[in-house]
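The values are calculated or read from the model by the stated rules, or taken from the named source; none is laboratory data. Note that the structure is predicted; figures quoted are calculated from it, not measured. Neighbour counts run over all protein chains shown; Cβ positions are idealised from the backbone, glycine included. All accessible areas refer to the heavy atoms of the entire protein, side chains included, with ligands and DNA or RNA removed. Shrake-Rupley method; radii C 1.70, N 1.55, O 1.52, S 1.80 Å.
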Amino acid sequence: MADDELEAIRRQRMAELQSKHGDSSNDQQGQQEAKQRETEMRNSMLAQVLDQFARARLSNLALVKPEKAKAVENYLIQMARMGQLGGKISETGLIDILEKVSQQTEKKTTVKFNRRKVMDSDDDEDD
């Protein structure tokens, strides 16, 4: 009798675990579909805003510096949503925007020498 009860508990537990794993895979699938829809929406909006050569330049930039390309894409989408773009942006217009973004995100590199005066020969006057 105990074996039958134990087997029933095992089956119930297996069914619970399988349902949990099934739900998590559905959640992952839903998240993946949402991410894909967002990507398609971004691409369609950028296709409306950029001409063919500017789009090619932006895709080349995305291969080399994806974080900068993402920042430019976000900037363009924001401008388009606010209605600040008159028409399609040409390649020269995109270059201007890239320069603006580069200036905003430019990192200043400084080098500082910290010299220690431990064994300085000028301090010794043992003549």
Whether the chain is rounded, prolate or oblate, judged on the alpha carbon gyration tensor where a/c under 1.5 counts as rounded: oblate
What are the ³J(HN,Hα) couplings of region 10-20, residue after residue, when phi is run through the Karplus curve with 6.51, -1.76, 1.60 and θ = phi - 60°? Round to Hz, x for glycine and proline. 4, 5, 5, 5, 4, 5, 4, 5, 5, 5, 5
For region 38-45, take each phi angle, set θ = phi - 60°, evaluate the Karplus expression 6.51 cos²θ - 1.76 cosθ + 1.60, and give the result in whole Hz per residue in order, putting x for glycine and proline. 5, 5, 5, 5, 4, 5, 5, 5
Regression test value, accessible area per residue of the chain, probe 1.4 Å, units Å², expected 88 Å²
Amide H partners (placed H, <5 Å) of ILE89, local residues excluded: LEU50, ASP51
Within the chain, helix-based [θ] at 222 nm, where runs of 4 or more DSSP H residues each add -39,500 (n - 2.57), nearest 500: -25500 deg cm²/dmol
Carbon and sulfur atoms account, in whole percent of the 1.4 Å probe accessible area of the chain, for 48 percent
For LEU63, what is the net charge nearby, where nearby means another residue's Cβ is under 15 Å from its Cβ and Lys, Arg count +1, Asp, Glu -1? +3
Quick one: of LYS68/LYS88; LYS70/LYS112; LYS35/LYS88; LYS65/LYS112; LYS68/LYS112, which pairs are farther than 24 Å apart, Cα to Cα? LYS70/LYS112; LYS35/LYS88; LYS65/LYS112; LYS68/LYS112
Are there trypsin sites (Lys or Arg not before Pro) in region 16-108 that DSSP marks as loop and that have at most 13 other Cβ atoms within 10 Å, and which are they? LYS107, LYS108
